Amino acid sequence: MNRMLVAAVRSLALAAALAVVTGPAWAEDETGGAPGSWLSEYVGARTLGLGGAFVGAADDASSVVWNPAGLSMLVPNELRFDIARLFEDTSVSAFEFAVPGNKLPSFGLSVLTLRSGNFERTNELNDPLGTFQESQTAYIFTMARALTPRVSLGVNTKLVRQSIEDFSGGGVGFDVGGIFNLTPTLRVGASALNLGGPSITLRSSQETYPTQFRGGFSAGVLRGRGLITAELDHTQNARLTIHGGSEYWVQPAFALRVGMNDQHASGGFSYRTGGHYQFDYGVSDHVLGIVHRIGISYRFGGFYASAKAEPEIFSPTGESAVTKILLGSRTKSEADSWSLSLINKTDEVVRRFGGKGSPPAHLLWDGKDEGGMPLPDGIYRYQLVVHDSVGREIVSPTHTVEISTGGPQGAVPVIPVQP
């Protein structure tokens, strides 16, 4: 087997391996061996749990692969890293960094890498000549801007490098995308990928990434704790694929996901800690086995809204009769209004604070409802919402505060008196 035949076999093996990560569209139709399939069908851990339906949601740093307009929706800066280990020691990883803009557009940089393990190289007589590897890397530079509070546009410029054994090449392509907010909780998105390339020549023949079109929607439900997404994808000279998923934040720090990646079930979860870190896990079924993917993100700075109760447990009838809720925000435009709601376990708003302009540095809550009546013991959720002068909304993470009027429990020993 000569060297080029070995390389061809290796490429097929990579296509099969990547089919496991990206779902049935690879293994069951003609896109499996298409140039750039690894990039066009890339999914992160969170998106895998949503069944690959993300063009309408596009609300984190990984959104640029689906819809570059999504960067304009970001509030804090975000660093993100995803990784998966595939068959034959092949791995795919992604590093993403996004900075939301105000007067300037939002910017992002993403580096996605596909890397194989070692494979044996032979000559025409099948004599071993050592080993070789294949690698592909995409550098994606993103710029996005909100034209109005409801309409956002974005564009990617991507440079792709591929190397197999002693051959290497590169090419440049473009992606465009848009997002339209129909209501505060419903948005639609669409994108066109691989416009004008990339086209890569490794030896003598040129291969061009096929154009891909995506369209879908996302809907926030259950007071922002839930998300429903759906998407249609069509790649040039391939069949239409359908994706859908849902996400529900069971607790402020823990979310569950379930989805359908075309014909295969998927799911996952997220865990937030420290106010800035989020761990994502995604899993998907496939004819070749189960797919696992993990991701870690760090959010910091940028634009934000924050609320934190001190103390988190208080007693209106005890020494800590009130809790102080510290507030803070930074909006893209001048702050117009703010509100903070306290919600009981049945999702009923029991107390609401608010006003014009920026929120104050803090507010005091005495454990009473809107009518001034004491509330029962229990855990209450709260969240700060700030609107800016052009209608954008920034929402703080959800936290909890507890009312506890019960005294210490236990038994007092009685010592009998000796005569």
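The values are calculated or read from the model by the stated rules, or taken from the named source; none is laboratory data. As the structure is a computational prediction, the values presented were derived from the model and not from experiment. Reconstructed Cβ throughout: ideal geometry from the backbone, glycine too, with neighbour counts over all protein chains shown. Ligands, DNA and RNA are stripped out before the accessible areas are found, and what is left, the full protein with its side chains, is counted by its heavy atoms. Shrake-Rupley method; radii C 1.70, N 1.55, O 1.52, S 1.80 Å.
So, in segment 285-300, exactly how many residues are over 19 Å from Arg85 (Cβ atoms) and surrounded by 13 or more Cβ atoms within 10 Å (Cβ to Cβ)?
Number satisfying all stated conditions: 3.
Would you please name the residue that is farthest from Val65 (Cα to Cα), looking only at residues in segment 94-103 that are open to solvent by 30 Å² or more (accessible area, probe 1.4 Å) and without any contact (Cβ under 8 Å) to a residue 60 or more places away in the chain? Lay out the reasoning, then the answer.
First, the residues of segment 94-103 that are open to solvent by 30 Å² or more (accessible area, probe 1.4 Å): 95, 97, 99, 102-103.
Narrowing the set further to residues that are without any contact (Cβ under 8 Å) to a residue 60 or more places away in the chain leaves 95, 97, 103.
Working: Phe95: 12, Phe97: 13, Lys103: 24 Å.
Among residues in segment 94-103 that are open to solvent by 30 Å² or more (accessible area, probe 1.4 Å) and without any contact (Cβ under 8 Å) to a residue 60 or more places away in the chain, the one farthest from Val65 (Cα to Cα) is Lys103.
Output the residues belonging to segment 317-340 that are surrounded by 18 or more Cβ atoms within 10 Å (Cβ to Cβ) and either over 26 Å from Val99 (Cα atoms) or of a type in the set (Gly, Ala, Ser) (or both).
If the condition is that a residue be surrounded by 18 or more Cβ atoms within 10 Å (Cβ to Cβ) and either over 26 Å from Val99 (Cα atoms) or of a type in the set (Gly, Ala, Ser) (or both), then Thr323, Ile325, Ser329, Ala335, Leu340 are the ones that fit.
Residues that are charged (D, E, K, R): find the strands (runs of 3 or more DSSP E) completely inside segment 325-381 holding 1 or more of those. Steps first, please.
On the way: elements: 335-343, 349-356, 362-365.
Strands (runs of 3 or more DSSP E) meeting the threshold: 335-343, 349-356.
Surrounded by fewer than 18 Cβ atoms within 10 Å (Cβ to Cβ) and closer than 21 Å to Ile179 by Cβ, is that true of His276?
The answer is no for His276.
Out of everything in segment 224-260 that is more than 19 Å from the chain's Cα centre (by Cα) and not in a strand (DSSP E or B), what residue ends up being surrounded by the most Cβ atoms within 10 Å (Cβ to Cβ)?
Applying the filter and picking the extreme gives Ala238.
Return the residues of segment 142-195 that are modelled with pLDDT under 90 and more than 24 Å from the chain's Cα centre (by Cα); say none if nothing qualifies.
If the condition is that a residue be modelled with pLDDT under 90 and more than 24 Å from the chain's Cα centre (by Cα), then Gln162, Ser163, Ile164, Glu165, Asp166, Phe167, Ser168, Gly169, Gly170 are the ones that fit.
From the list Tyr277, Tyr209, Tyr248, Tyr271, which residue is touching a Gly at 6+ places or on another chain (Cβ under 6 Å) and free of Cβ contacts under 8 Å to residues at least 40 places away in the same chain?
Tyr248
How about segment 269-296: which of its residues are modelled with pLDDT of 90 or more and more than 12 Å from the chain's Cα centre (by Cα)?
The initial filter retains those residues of segment 269-296 that are modelled with pLDDT of 90 or more, namely 269-272, 277-283, 293-296.
Residues satisfying the conditions are Tyr271, Arg272, Tyr277, Val283, Arg293.
Would you mention how many residues in segment 373-407 are of a type in the set (D, E, K, R), modelled with pLDDT under 90 and open to solvent by less than 50 Å² (accessible area, probe 1.4 Å)?
Within segment 373-407, residues that are of a type in the set (D, E, K, R), modelled with pLDDT under 90 and open to solvent by less than 50 Å² (accessible area, probe 1.4 Å) number 1.
Scan segment 352-365 residue by residue and report those that are exposed (fewer than 14 other Cβ atoms within 10 Å of the Cβ) and either under 16 Å from Pro311 (Cα atoms) or touching a residue at least 24 places away in the same chain (Cβ under 8 Å) (or both).
Of everything in segment 352-365, those that are exposed (fewer than 14 other Cβ atoms within 10 Å of the Cβ) and either under 16 Å from Pro311 (Cα atoms) or touching a residue at least 24 places away in the same chain (Cβ under 8 Å) (or both) turn out to be Pro360, Ala361, Leu364.
So is Asp166 of a type in the set (D, E, K, R) and open to solvent by less than 10 Å² (accessible area, probe 1.4 Å) or not?
Criteria not met by Asp166.
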